[in-house]
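Colleague: One structure is given below, represented as structure tokens, and several questions about it will come after.
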Amino acid sequence: TNNPKNAYHLAYNMGKELQLLGFNFNFAPVGDINNNPKNPVINVRSYSEDPDIVSEYVVEAVNGYSDALMMSSIKHFPGHGDTDVDSHKSLPTINHDKDFIDSVDIYPFVYNIKAGAWGAMVAHLNVPALNKKYKYPASINPNIIKDYLINTLHFRGLVFTDAMNMKGLTNDYPDGQAQVLALKAGVDILLMPDNTTNAMNAILEAVEKGTLSKKLISGTTTRFKTTE
């Protein structure tokens, strides 16, 4: 419609309808840029192929959900637009260099972080340009979550994985291993493990061994600490 305010009104009304159905969270909106016509999973879920337009619409949608008292998260960090593989079925690779990622792919995320977005979902993507020490998918990679999203971009909201039953993750990282790696990488919320029992047991074992801290699991870390 070429009117970002319509994204606000749509999100607001969706938020109100979701509340009536008993929901308090919508994993939306999509902040990806539609810059690959062969993308089988993002395409029309994106607001535009223009980073500025995507950024404006995402801000309006986040504000619409918020005003409807519905929680939301921007996705799929660090950008799922230029892929020709569906991460529900296999692990896509982003072949952009870091300069392109910094200036294009994550522009809508940076824009929304500055606007106060408090939720971000990290995708199951192979992003070689952001790997320093680890070659894990973005959703379980500390170089991408702790180093880039939290420390470099100064994101202070909640970090979510994309659904952890997707083949882009489970083909190489089974339930249990994937959840421990995600928590170590800086994730706050683990979304939809395929086997919750395996995931919980692995997390408990990691805490007992000291691989994961009790403070992290109990929610007493200081990353979200605010002054009154």
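Colleague: Being β-branched (Val, Ile, Thr) and in contact (Cβ under 8 Å) with a residue 12 or more places away in the chain narrows it down to one residue among VAL110, VAL44; which is it?
Modeller: One residue alone meets the criteria, VAL110.
Colleague: Of the conditions (1) in contact (Cβ under 8 Å) with a residue 12 or more places away in the chain; (2) over 23 Å from VAL187 (Cβ atoms), THR83 clears all except one; give me its number.
Modeller: That leaves (2) as the condition not met.
Colleague: Another question about this same structure. Looking only at the range 62-117, how many residues end up being of a type outside the set (Lys, Arg), assigned to a strand (DSSP E or B), under 21 Å from ASN171 (Cβ atoms) and open to solvent by less than 30 Å² (accessible area, probe 1.4 Å)?
Modeller: So the answer is 2.
Colleague: Okay, moving on. In the range 118-140, which residues are assigned to a strand (DSSP E or B), closer than 21 Å to ASN35 by Cα and either of a type in the set (Gly, Ala, Ser) or out of contact with any Lys or Arg (no Cβ under 9 Å at 6 or more places or on another chain) (or both)?
Modeller: Within the range 118-140, ALA120 is the sole residue that qualifies.
Colleague: Based on this model, can you work out whether VAL44 counts as closer than 25 Å to ASN95 by Cβ, assigned to a helix (DSSP H, G or I) and open to solvent by less than 70 Å² (accessible area, probe 1.4 Å)?
Modeller: no
Colleague: Taking the condition in contact with an Asp or Glu (Cβ under 8 Å, 6 or more places away or on another chain) and over 18 Å from GLU49 (Cα atoms), does HIS124 pass?
Modeller: When the stated conditions are applied, HIS124 passes them.
Colleague: Turning to a different aspect of this structure: Taking the condition of being of a type outside the set (Ser, Thr, Tyr) and surrounded by fewer than 19 Cβ atoms within 10 Å (Cβ to Cβ), how many residues in the range 123-141 meet it?
Modeller: Matching residues across the range 123-141 total 6.
Colleague: While we're on this one: Please tell me if ASP52 is open to solvent by 30 Å² or more (accessible area, probe 1.4 Å), out of contact with any helix residue (DSSP H, G or I) (no Cβ under 7 Å at 6 or more places or on another chain) and more than 28 Å from GLY168 (Cα to Cα).
Modeller: yes
Colleague: Within the range 1-51, take every residue that is closer than 22 Å to ALA123 by Cβ and among the charged types (D, E, K, R) and give me the one that is farthest from the chain's Cα centre (by Cα).
Modeller: Only one residue fits best here, namely LYS38.
Colleague: Return yes when ASN143 is polar (S, T, N, Q), under 27 Å from ALA117 (Cβ atoms) and not in a loop (DSSP other than H, G, I, E, B) and no when it is not.
Modeller: yes
Colleague: Additional query: Could you list, in sequence order, all residues of the range 183-220 that are aliphatic (A, V, I, L, M), open to solvent by 60 Å² or more (accessible area, probe 1.4 Å) and farther than 15 Å from MET166 by Cβ?
Modeller: ILE189, MET200, LEU204, ILE217
Colleague: Next question, about the same structure. Here are some conditions: (1) within 25 Å of TYR173 (Cα to Cα); (2) open to solvent by 30 Å² or more (accessible area, probe 1.4 Å); (3) of a type in the set (Gly, Ala, Ser). ALA120 meets all but one. Which one does it not meet?
Modeller: Going through (1) within 25 Å of TYR173 (Cα to Cα); (2) open to solvent by 30 Å² or more (accessible area, probe 1.4 Å); (3) of a type in the set (Gly, Ala, Ser) one by one, ALA120 breaks only (2).
Colleague: Test ASN34 against the stated conditions and say whether it is open to solvent by 10 Å² or more (accessible area, probe 1.4 Å) and in contact with a Ser or Thr (Cβ under 8 Å, 6 or more places away or on another chain).
Modeller: yes
Colleague: A further question on this structure: Please enumerate the residues belonging to the range 142-180 that are open to solvent by 30 Å² or more (accessible area, probe 1.4 Å) and closer than 13 Å to LEU190 by Cα.
Modeller: Within the range 142-180, LEU158, ASN165, ASP175, GLN177 qualify.
Colleague: Inspect the range 5-13 for any residue being open to solvent by 10 Å² or more (accessible area, probe 1.4 Å), closer than 29 Å to LYS167 by Cβ and of a type outside the set (Lys, Arg) and give the result as yes or no.
Modeller: Among the residues of the range 5-13, not one is open to solvent by 10 Å² or more (accessible area, probe 1.4 Å), closer than 29 Å to LYS167 by Cβ and of a type outside the set (Lys, Arg), which makes the answer no.
The values are calculated or read from the model by the stated rules, or taken from the named source; none is laboratory data. Note that the structure is predicted; figures quoted are calculated from it, not measured. Here Cβ is always computed from backbone atoms with ideal geometry, including for glycine, and neighbour counts include all displayed protein chains. When the accessible area is computed, the model is the full protein with side chains, heavy atoms only, and any ligands, DNA or RNA have been set aside. Shrake-Rupley method; radii C 1.70, N 1.55, O 1.52, S 1.80 Å.
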